[in-house]
1. Counting Lys and Arg as +1 and Asp and Glu as -1, each charge on the Cβ, what is the dipole of the range 150-283 about the Cα centre in debye, to the nearest 20?
2. Answer rounded, prolate or oblate for the range 10-102, using the Cα gyration tensor with square roots of eigenvalues a ≥ b ≥ c: rounded when a/c is under 1.5, else prolate when a/b is larger than b/c, else oblate.
3. Take 466, 340 and sort them by solvent-accessible surface of the protein heavy atoms, 1.4 Å probe, largest at the top.
4. May I ask you to evaluate 6.51 cos²θ - 1.76 cosθ + 1.60, the Karplus curve with θ = phi - 60°, for each residue of the range 244-253 and list the ³J(HN,Hα) values in order in whole Hz, giving x for glycine and proline?
5. Would you work out which of 365, 386, 342 lies farthest towards the positive end of the dipole of the range 318-399, given +1 charges on the beta-carbon of Lys and Arg and -1 on that of Asp and Glu, about the Cα centre?
6. Filter 104/519; 104/303; 303/519; 353/519 down to the pairs with a C-alpha to C-alpha distance above 22 Å, please.
7. Taking H as built 1.01 Å from N, whose amide H comes closer than 5 Å to the amide H of residue 296, not counting residues under 5 places away?
8. Please report, to two decimal places, log10 I(q)/I(0) for the range 202-337 at q = 0.17, 0.20, 0.22 Å⁻¹ as given by the Debye formula with identical point scatterers on the Cα atoms and no solvent.
Amino acid sequence: MSLAADLRMYGRFARGLRRFLRERTTLDEARAIVRRRLATREELFLRIVERGVYGHPASPYLPLLRRAGCELGDVRSMLRDRGVEGALRALRDADVYVTFDEFKGRVPIERPGLALRLGARDFDNPFASRHFETRTGGSTGAGTRILYDLEHLAATLPVELLTQEAHGLLGLPACQWRPILPAGSGIRILLRSARIGNVVRRWWTPVLSGDLRVARKYRFATAYVLAVMRANGIPAPRPEPLRMDQADVVARWAADTARAEGGCVVRLFVSMALRVALAAREAGLDLTGVTFTGGGEPPSPAKVRGITSGGARYVANYGMSECGGVGKPCARPLDATDVHFCADYLALIQEPKRVGESDAVVNAFCVTTLLPSAPKIMLNVESDDYGIVENRSCGCPLGALGYDRHIRQVRSFKKLTGEGMTLVGTDMLHVLEEVLPARFGGTALDYQLEEEEDEAGFTRMTLIVHPRVELADEQEPVRALLESLTRAGAGAEITRAVWAQAGTFRVRRAEPVWTGAGKLMPFRRAPRA
């Protein structure tokens, strides 16, 4: 964006923030809003299609719809006869969808007889007010730009308010360990907490001044947002730099606050929650009354056990930068990953997807936005996630509102590939987070798998093991890893055999690499030279 465009955006933010902070939503109003939107999903979807697709000549979805011979009247008929998900399924069967990489602008949209080269910006909602700019974390590639609308934050606030009530979190003191702009999660949490009337008290950021060479405009934008909030009477905390190895600072604040005030909420990514919990254990701190909440990574059983081992509670969230919250935590969950799908402003279908060249097939999520304030217009956009989607009556307050669709055990189907063999990441995740820590010590934070090319161009898998893990034999973790894959199924066994012969794996003693947004991804691809 140009300087002039930035200045116009900051002006819109200052004007819009006054209104955003002035208005309040009561619990009764939040319930009414959710119930009304759940009852009118067909109308919401039709409005998005009318205005944001057929009414927007530059829409990237129009060529796909024209290729399918689908006019607006056909969409109306499908909605009337099949409902939202039925209409989306029919459109998906007619090749009206966008893959994850197409949506990110990494590859062109290619269908028989159609080729479109687009960028991520082509999916921006042309009708949103665009109050501030963020970027995605880039955990699966280069981060992409997102323009956020304060109206969308307000529109998605009812379910956040009701979620906090369902879990007994309303009014509890809260802090966050989240990055500053261009990562958007910290600012969004701050703004939401201010709108609810319970602004977070402390904000630590893992992004230090020398990290990532954060553009000056983003440092200015963060300071500007805080200044505008304070000018409107909101005691917004300044972000305090805090390195990853200083998790004990957050642990002490949480333990002291929970003891003094009966409880507190700590908002951060899953791996960072585990860091805080481990720091509390080392310091002998009692985390009873502390609730960790956040997403950013799959909350694997090993991580959740570590987070809750000191008395804390973990509450899951599932979201996407492009559309906000996708799932809110169930108060009577089947497991720690169980969330209610936010069906009042999103739609979701699943599509069987083959992973790479393997015989593994997963049910990939295809997401559609229903609100006119959404940052991106999404119509059957594949995420790189899959999981269990089921309709179930759980008996919790969110379920009573009509959120009867649950999502569990979300995983990325991003693959690990070497020597022409492909392995679904969930098999390897079990080894990294369960098998290796149990056998050699350390925690799930001490192991990471990096895919890279060696000097000859061969793909190698480097098992990164933290130096604090004591090893008598540096190659023993690789042998344990390959042995474990033998028990993961026939496909994994074939992959193991080929990788073992090719010498695909090697060990490097180093601290696992965290993303600039504070995430520890179990799998990463080494940057190309």
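The values are calculated or read from the model by the stated rules, or taken from the named source; none is laboratory data. Here the structure is a predicted model, which means the values were calculated and not measured. Backbone-built Cβ (ideal geometry, glycine too); neighbour counts: all protein chains shown. Note: areas computed on protein heavy atoms with side chains; ligands, DNA, RNA excluded. Shrake-Rupley method; radii C 1.70, N 1.55, O 1.52, S 1.80 Å.
1. Values: 18 positive and 10 negative charges, 94 e Å.
Approximately 440 debye in magnitude.
2. It comes out oblate by the Cα gyration axes.
3. Of 466, 340, the descending order of accessible area is 466, 340.
4. Per residue, the Karplus-derived 3J(HN,Hα) values read 4, 7, 10, 4, 5, 4, 5, 4, 5, 4 Hz.
5. 342
6. On the way: 104/519 20 Å; 104/303 29 Å; 303/519 13 Å; 353/519 26 Å.
In this structure, 104/303; 353/519 exceed 22 Å between Cα atoms.
7. 319
8. Calculated log10 I(q)/I(0) at the listed q: -1.05, -1.26, -1.33.
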